[in-house]
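Peer 1: Sharing a structure here in structure tokens format.
The values are calculated or read from the model by the stated rules, or taken from the named source; none is laboratory data. The shown structure was predicted, so the numbers you read here are calculated from the model rather than taken from an experiment. Neighbour counts are summed over all protein chains in view; Cβ atoms, including those assigned to glycine, are modelled from backbone coordinates with ideal geometry. Remember, those area values only see protein heavy atoms, side chains included, never the ligands or the DNA or RNA. Shrake-Rupley method; radii C 1.70, N 1.55, O 1.52, S 1.80 Å.
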Amino acid sequence: MKKPIKIAIAGLGTVGAGVLRLLNEHAALLARRSGRPMVVAAVSARKRRKDRGVSLDDIPWYDDAVTMAAEAPVDVLVELIGGSEGVAKRACEAAIAGGKHVVTANKALLALHGTALAQAAEAAGVTLAYEAAVAGGIPIVKMLREGLAANGFNRVYGILNGTCNYILTAMREHGCEFSEALAEAARLGYAEADPSLDIDGIDSAHKLAILASLAFGCEVNFPAVHIEGIRHVSLTDIRFAEELGYRIKLLGIAALTNGTLEQRVHPCMVPVTAPVAHVEGVFNAVVAHGDFVDTIMQEGRGSGGGPTASAVVADLVDIARGQRVCPFSVPAKDLQRIPPSPMADHKGAYYIRLMVLDRPGVFADVATILRDHQVSMEAILQRGRAPGEPVPVVMTVHETREAGMTRVLEAIAALEAVVEVPRMIRIEPF
Ligand SMILES: NC(=O)c1ccc[n+]([C@@H]2O[C@H](COP(=O)([O-])OP(=O)(O)OC[C@H]3O[C@@H](n4cnc5c(N)ncnc54)[C@H](OP(=O)(O)O)[C@@H]3O)[C@@H](O)[C@H]2O)c1
């Protein structure tokens with residue numbers, strides 16, 4: 001057997017401790033599969049004395065992760081601190097500069113600095129691996145970059161955040177509002193103390209920008225992602241969606257249209273017949289349309305110590321075996337700059353919900369606005385009657401441009417009988 005591969009781990013939280021546990025439990029299996037033993041030869045975190053449920057005896061400890069990355073006598077840095085700037089970034093840069101491979105689960109870092117880090121890694125002749133950064137335990141990076149390397153893609157999308165998917169599932173199944181479902185997610189450990197990165201769609205957008213780069217061979221362009229979260233999704237919308245034959249999911253969607261790249265994260269109504277509609281709870285799923293393979297969907301756990309450690313250690317096995325691939329499928333210098341497609345140019349069908357005073361003439365006013373903007377209505381629903389009181393009215397409209405839809409919503413909101421800001425959810429016709 002070859003000499004051991006030596007590993008430094010920066011960050012010993014949920015994922016870091018999971019990686020240590022996996023490396024301990026599967027030491028023999030991993031040595032057989034990768035042809036050499038894996039040895040953790042340095043660790044770093046903030047609090048040295050914290051109980052992490054795994055033994056750190058005999059492993060050299062570094063108070064400073066950047067010093068460890070630069071100086072520890074190891075082959076690989078595993079960065080599991082998190083955050084797009086600061087220590088995590090500097091540790092990765094120091095490791096690459098020192099000729100060490102880097103494995104990271106840090107989607108924020110890759111979404112903002114992925115192209116530059118890939119360039120640095122390629123120039124230094126080391127690997128930058130990040131299977132755990134997108135959809136946790138689902139091996140989607142490997143699938144797009146290796147298993148589907150023969151395909152051109154025009155679209156990749158998915159449920160990329162387990163917290164949001166849990167909340168939307170709980171709202172539908174338990175009949176509760178967003179705030180109650182969020183509190184339940186927090187109680188069960190599925191939501192952070194500050195859940196905004198998840199529920200405002202930013203975490204999904206980080207992952208989408210990485211997926212788009214992999215699928216389309218372009219530079220990672222997180223600032224170009226259109227991002228909306230799920231705070232405004234109400235139980236009323238979820239119930240109307242069901243009645244219309246849809247489920248509401250937070251999706252990240254990247255598509256190439258006419259030489260431009262559309263990247264968007266927002267709640268979507270998906271037909272209940274679509275496989276992605278049945279990905280529930282904390283599960284994630286990614287769907288890719290390859291021109292030769294057709295449609296492929298992978299589903300699994302997108303977070304948690306076990307699934308995420310599984311992805312991190314798979315990257316370590318590749319490195320130990322000596323497998324080398326460009327981080328984003330093509331050499332970083334050849335990654336394209338694809339012009340972003342503005343959201344105003346998006347074309348799709350829409351669901352609109354209004355709260356209107358129940359009185360004669362309102363439907364006619366709304367119909368006139370749609371006609372004036374050349375938007376064609378598909379269906380309209382009103383449930384319950386309460387003369388003089390607000391009632392929900394729901395419409396779906398056929399494919400139209402987002403810019404036109406925005407003007408329609410502004411005009412409808414200005415009607416005297418409309419008592420709340422109209423809610424709009426895009427319909428995806430999978
Ligand atoms: N949790 C998941 O399910 C999951 C899934 C996919 C990807 N990820 C990604 O994996 C990474 C780690 O996530 P996590 O959930 O494991 O986070 P976490 O539980 O908060 O752990 C973060 C670790 O980083 C350490 N740390 C913080 N600041 C540090 C510093 N300045 N120097 C050295 N160590 C420092 C902390 O030390 P102390 O323990 O001493 O405080 C802690 O051990 C993030 O990039 C995250 O986005 C997580």
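Peer 1: Given charges of +1 on the Cβ of Lys and Arg and -1 on the Cβ of Asp and Glu, with all other atoms neutral, how large is the dipole of the stretch 232-345 about its Cα centre, in debye to the nearest 20? Don't skip to the answer; put the middle values down first.
Peer 2: Numbers: 9 positive and 12 negative charges, 72 e Å.
In debye, rounded to 20, the stretch 232-345 gives about 340.
Peer 1: Considering only His232, Ala191, Ile248, whose Cα is most displaced toward the positive end of the charge dipole of the stretch 189-264, charges sitting on Cβ of Lys, Arg (+1) and Asp, Glu (-1)?
Peer 2: Farthest towards the positive end: Ile248.
Peer 1: If you don't mind, another one. So what is the diffusion coefficient of the stretch 1-110 in µm² per second by Stokes-Einstein at 25 °C and 0.890 mPa s, using a Kirkwood Rh over Cα pairs?
Peer 2: Working: Rh = 14.0 Å.
The diffusion coefficient I find is 176 µm²/s.
Peer 1: Follow-up. Share of Cα-Cα pairs in the stretch 292-343 beyond 14 Å, in percent? Walk me through the numbers on the way to the answer.
Peer 2: Details: 994 of 1326 pairs.
Summing the P(r) of the stretch 292-343 above 14 Å gives 75 percent of all pairs.
Peer 1: To the nearest 10 degrees, how steeply does helix 178-187 sit against the main Cα axis of the chain, on a 0 to 90 scale?
Peer 2: Helix 178-187 and the main axis of the chain meet at about 20 degrees.
Peer 1: For Ala42, which sequence-distant residues (separation of 5 or more, or a different chain) have an amide H within less than 5 Å of its own amide H, given hydrogens modelled in the peptide plane?
Peer 2: Ile7, Ile9
Peer 1: Related question: What net charge is computed for the residues neighbouring Glu410, neighbours being all others with C-beta under 15 Å from the C-beta of Glu410, Lys and Arg scored +1, Asp and Glu -1?
Peer 2: Working: positive: Arg401, Arg407, Arg423; negative: Asp365, Asp372, Glu402, Glu416, Glu420.
Combined, the nearby Lys, Arg, Asp and Glu give -2.
Peer 1: What are the equivalent ellipsoid semi-axes of the stretch 367-429, built from the alpha-carbon gyration tensor (square roots of five times its eigenvalues), in whole angstrom, biggest first?
Peer 2: Values: eigenvalues 87, 40, 22 Å².
Each semi-axis is the square root of five times an eigenvalue, giving 21, 14, 11 Å.
Peer 1: To the nearest 20 Debye, how big is the dipole of the stretch 337-430 about its Cα centre, given +1 on the beta carbon of each Lys and Arg and -1 on that of each Asp and Glu?
Peer 2: That gives a dipole near 200 debye.
Peer 1: Could you compute the net charge surrounding Lys142? Neighbours are other residues with a C-beta less than 12 Å from the C-beta of Lys142; K and R count +1, D and E count -1. The partial results should precede the final answer.
Peer 2: Details: positive: Arg145; negative: Glu131, Glu146, Asp315, Asp318.
Residues close to Lys142 contribute a combined charge of -3.
Peer 1: Now, a different point. Got a sec to turn the phi values of the stretch 302-318 into Karplus ³J(HN,Hα) couplings, 6.51 cos²θ - 1.76 cosθ + 1.60 with θ = phi - 60°, whole Hz, x for Gly and Pro?
Peer 2: x, 7, x, x, x, x, 6, 4, 4, 6, 4, 6, 4, 5, 5, 5, 4
Peer 1: Same structure again: Which residue, Gly388, Val362, Met377, has the largest displacement toward the positive end of the dipole of the stretch 357-399 when charges sit on each Cβ (Lys, Arg +1; Asp, Glu -1)?
Peer 2: Ranked along the dipole, the leading option is Gly388.
Peer 1: Report Rg/Rh for the stretch 36-193, rounded to two decimals, where Rg is the Cα radius of gyration and Rh the Kirkwood radius. Intermediate values should be presented prior to the final figure.
Peer 2: On the way: Rg = 18.9 Å, Rh = 18.2 Å.
So for the stretch 36-193, dividing Rg by the Kirkwood Rh gives 1.04.
Peer 1: Per DSSP helix of 4 or more residues, -39500 (n - 2.57); summed, then divided by the residues of the chain. What does that give at 222 nm, rounded to the nearest 500? Mind dumping the intermediate values first?
Peer 2: On the way: 13 runs with 149 residues, N = 430.
Rounded to the nearest 500, the figure is -10500 deg cm²/dmol.
Peer 1: What does the charge count near Lys100 come to, summing +1 for each Lys or Arg and -1 for each Asp or Glu among other residues with Cβ under 10 Å from its Cβ?
Peer 2: With Lys, Arg at +1 and Asp, Glu at -1, the net is 0.
Peer 1: Please report, in debye to the nearest 20, how large the charge dipole of the chain is about its Cα centre when each Lys and Arg carries +1 at its beta carbon and each Asp and Glu carries -1 there.
Peer 2: Details: 43 positive and 48 negative charges, 256 e Å.
Here the chain has a charge dipole of around 1240 debye.
Peer 1: Report the convex hull volume per residue for the chain, counting only C-alpha atoms, in Å³.
Peer 2: On the way: hull volume 61.3 nm³, N = 430.
Here the figure is 143 Å³ per residue.
Peer 1: Let me ask something else about it. What percentage of the solvent-accessible surface of the stretch 1-129, computed with a 1.4 Å probe over protein heavy atoms, is contributed by carbon and sulfur atoms?
Peer 2: Carbon and sulfur together cover 51 percent of it.
Peer 1: Of the beta bridges DSSP finds with both residues in the chain, what % are antiparallel, to the nearest 5?
Peer 2: Numbers: 51 of 75 bridges.
Counting only bridges with both partners in the chain, antiparallel ones make up about 70 percent.
Peer 1: Now, a different point. Could you name the lysines whose alpha carbon sits less than 28 Å from that of Lys249, not counting residues in the same chain fewer than 8 places away?
Peer 2: Leaving aside lysines fewer than 8 places away in the same chain, those within reach of Lys249 are Lys107, Lys142, Lys207, Lys347.
Peer 1: How much accessible area per residue does the stretch 271-338 have, in Å², with a 1.4 Å probe?
Peer 2: Working: 3110 Å² over 68 residues.
For the stretch 271-338, the solvent-accessible area averages 46 Å² per residue.
Peer 1: Something else: On a 0 to 90 degree scale, rounded to 10, what angle separates helix 86-97 from the longest Cα axis of the chain?
Peer 2: Relative to the chain, helix 86-97 is tipped by roughly 50 degrees.
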